[in-house]
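Report on the structure given below.
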Amino acid sequence: MKAIVIREPGGPEVLSLQEVAEPSLGAGQITLQVGATALNRADLLQRRGLYPPPKGESPLLGLECAGVVVAHGPGASGPPVGTRVMALLPGGGYAERVVVPERLALPIPDELGFEQAAAIPEAFLTAQEALFTLGRLEAGQTVLVHAAAGGVGSAAVQLAHAHGARVVATAGSREKLERVRSLGADTLVDYQTEDFAEAVSQVTEGQGADVVLDFVGGAYFERHMRCLAVGGRLVVIGLLGGVSADLNLAQLLMRRTQILGLVMRSRSVADKVAISQTFARNWLPRFASGALAPVVDSVFPLADAQGAHERMERNANIGKIVLRVSGSSAERLSD
């Protein structure tokens, strides 16, 4: 089968479409013919040699996919061959075929194509876990969502809005902010020219945000501690702004603040199954009705994974960048 291979750690130019061996199909697993996969920031780190796959998992890039079931391993009984499904992956999505535990496969709503479906698993399951499992966000509460025009951010805005929460969203351009507004954000903050902590204080009348979804880490930590409400939850998802921060433990105690970390790739299959089943029960039907929608920025052919990575590194995307793996070729959206 064909797959994108990292020739050596480095920039987007190290990505190459090559023939590789098909993945081995194990007990309780299914093989998918991949229709599309989507980019994540973790792919860029892995390409640079900074984020190795979990032990025993595929060394290929790709943390989610949408495709068709083509084979069952020993003991696997479903979904049936020919079923369109999408799934979280620990790796391997940048390829024509991938294996996945059968219990992780989610049905694709009839209304969605592979390219739309591939933009759902990592973004929406991460957002669900951050907002509701760790963040315990309730209707009427306020959540600050950074990188709201990105994959997880755009999913979080939609889920929080649908849940009845007030959403303060940050992004780096007016174009991105207007797109985020259309997803349900109540307050928009251009992080390049405005102070998100001040914006949160204004909209909450000084009470602060109940939940903050943090993709930045160290560079924003002090401001996050200032803009959290008493009993607020800081959910750390990414570390784009550094891994270290000064922590005032007295402030933490007095304000009963909680700092929670979230990672999806290295979670156990059992954890991922539970997360996927919760999503299927609570949110998946809303894609069929149009109440929720994956935000697809652009579609690249698999052979142009380099171009897709370059677009993400420019931070040009609004929503998910998708790779079409099988099916007819298509033009990528222009910048």
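The values are calculated or read from the model by the stated rules, or taken from the named source; none is laboratory data. Given the structure is predicted, the values throughout are model-derived calculations rather than measurements. Counting neighbours? That spans all protein chains shown, and the Cβs are built from the backbone with ideal geometry, glycine included.
Which is at pLDDT 95 or above, surrounded by 14 or more Cβ atoms within 10 Å (Cβ to Cβ), part of a loop (DSSP other than H, G, I, E, B) and not assigned by TED's automatic domain parsing to the domain that holds residue 43, of 185, 245?
On the way: 245 fails: at pLDDT 95 or above.
Residue meeting the stated conditions: 185.
With respect to residue 154, determine if the residue is in a helix (DSSP H, G or I), among the small types (Gly, Ala, Ser) and surrounded by fewer than 24 Cβ atoms within 10 Å (Cβ to Cβ). Give the derivation first.
Numbers: in a helix (DSSP H, G or I): yes; among the small types (Gly, Ala, Ser): yes; surrounded by fewer than 24 Cβ atoms within 10 Å (Cβ to Cβ): no.
It is false that residue 154 is in a helix (DSSP H, G or I), among the small types (Gly, Ala, Ser) and surrounded by fewer than 24 Cβ atoms within 10 Å (Cβ to Cβ).
Hey, among the residues in segment 1-21 that are of a type in the set (Asp, Glu) and touching a helix residue (DSSP H, G or I) at 6+ places or on another chain (Cβ under 9 Å), which one's surrounded by the fewest Cβ atoms within 10 Å (Cβ to Cβ)? Let's see the steps before the verdict.
To start, the set of residues in segment 1-21 that are of a type in the set (Asp, Glu) comprises 8, 13, 19.
From what is left, the residues that are touching a helix residue (DSSP H, G or I) at 6+ places or on another chain (Cβ under 9 Å) are 8, 13.
Working: 8: 7, 13: 10.
This residue is 8.
Restricting to segment 219-258, give me the number of residues that are among the small types (Gly, Ala, Ser) and farther than 19 Å from residue 156 by Cβ. Give the steps one after another, and end with the answer.
Step one: of segment 219-258, the residues among the small types (Gly, Ala, Ser) are 219, 229, 231-232, 238, 241-242, 244-245, 250.
Next cut, farther than 19 Å from residue 156 by Cβ only: 219, 231, 242, 244-245, 250.
Of the residues in that region, 6 qualify.
Output the number of the condition that residue 272 fails; it satisfies all remaining conditions of (1) modelled with pLDDT under 95; (2) in contact with a helix residue (DSSP H, G or I) (Cβ under 7 Å, 6 or more places away or on another chain); (3) outside the structural domain of residue 162 (by TED's automatic domain parsing); (4) not aliphatic (A, V, I, L, M).
(1)
Do the conditions hold for residue 119, that is, is it touching a residue at least 24 places away in the same chain (Cβ under 8 Å), under 26 Å from residue 289 (Cα atoms) and part of a loop (DSSP other than H, G, I, E, B)?
Values: touching a residue at least 24 places away in the same chain (Cβ under 8 Å): yes; under 26 Å from residue 289 (Cα atoms): yes; part of a loop (DSSP other than H, G, I, E, B): yes.
Criteria met by residue 119.
What tally of residues in segment 209-249 results from selecting those that are free of Cβ contacts under 8 Å to residues at least 40 places away in the same chain and within 17 Å of residue 138 (Cα to Cα)?
Residues in segment 209-249 being free of Cβ contacts under 8 Å to residues at least 40 places away in the same chain and within 17 Å of residue 138 (Cα to Cα): 5 in total.
Where the second residue is in a loop (DSSP other than H, G, I, E, B) and surrounded by fewer than 16 Cβ atoms within 10 Å (Cβ to Cβ) and the first is touching a residue at least 12 places away in the same chain (Cβ under 8 Å) and lies in segment 266-283, which pairs have Cβ atoms under 7 Å and are six or more apart or on separate chains?
Cβ pairs passing all conditions: 266/54.
Filter segment 45-77 down to the residues that are out of contact with any helix residue (DSSP H, G or I) (no Cβ under 9 Å at 6 or more places or on another chain), surrounded by 12 or more Cβ atoms within 10 Å (Cβ to Cβ) and at positive phi and list them by number.
49
Assess whether residue 24 counts as being of a type in the set (S, T, N, Q), assigned to a loop (DSSP other than H, G, I, E, B), modelled with pLDDT of 95 or more and surrounded by fewer than 17 Cβ atoms within 10 Å (Cβ to Cβ).
Numbers: of a type in the set (S, T, N, Q): yes; assigned to a loop (DSSP other than H, G, I, E, B): yes; modelled with pLDDT of 95 or more: yes; surrounded by fewer than 17 Cβ atoms within 10 Å (Cβ to Cβ): yes.
For residue 24, the condition - of a type in the set (S, T, N, Q), assigned to a loop (DSSP other than H, G, I, E, B), modelled with pLDDT of 95 or more and surrounded by fewer than 17 Cβ atoms within 10 Å (Cβ to Cβ) - is met.
Which residues, taken from segment 179-221, are out of contact with any Cys (no Cβ under 9 Å at 6 or more places or on another chain) and at positive phi?
184, 205, 206, 217
Just the residues that are of a type in the set (D, E, K, R) and either touching a helix residue (DSSP H, G or I) at 6+ places or on another chain (Cβ under 7 Å) or modelled with pLDDT under 95 (or both), please, taken from segment 287-317. Don't jump to the end; show me each part of the working.
Quick first cut of segment 287-317, residues of a type in the set (D, E, K, R) only: 297, 304, 310-311, 313-314.
If the condition is that a residue be of a type in the set (D, E, K, R) and either touching a helix residue (DSSP H, G or I) at 6+ places or on another chain (Cβ under 7 Å) or modelled with pLDDT under 95 (or both), then 310, 313 are the ones that fit.
For the structure I just gave you, tell me whether residue 174 is modelled with pLDDT under 95 and either under 19 Å from the mean Cα position of the chain (by Cα) or not assigned by TED's automatic domain parsing to the domain that holds residue 314 (or both). Let's see the steps before the verdict.
Numbers: modelled with pLDDT under 95: yes; either under 19 Å from the mean Cα position of the chain (by Cα) or not assigned by TED's automatic domain parsing to the domain that holds residue 314 (or both): yes.
Here the answer is yes, as residue 174 does meet what is asked.
Would you confirm whether or not segment 213-220 contains a residue that is touching a Lys or Arg at 6+ places or on another chain (Cβ under 7 Å) and either β-branched (Val, Ile, Thr) or more than 26 Å from residue 133 (Cβ to Cβ) (or both)? Give the steps one after another, and end with the answer.
Residues of segment 213-220 touching a Lys or Arg at 6+ places or on another chain (Cβ under 7 Å): none.
No - not one qualifying residue is present in segment 213-220.
Enumerate the pairs (first residue in segment 285-301 and closer than 13 Å to residue 116 by Cβ; second residue anywhere and loosely packed, with under 13 Cβ neighbours inside 10 Å and aliphatic (A, V, I, L, M)) with beta-carbon separation below 6 Å, excluding pairs fewer than 6 apart on the same chain, so at least 6 apart or on different chains.
Within 6 Å, the pairs are 299/330.
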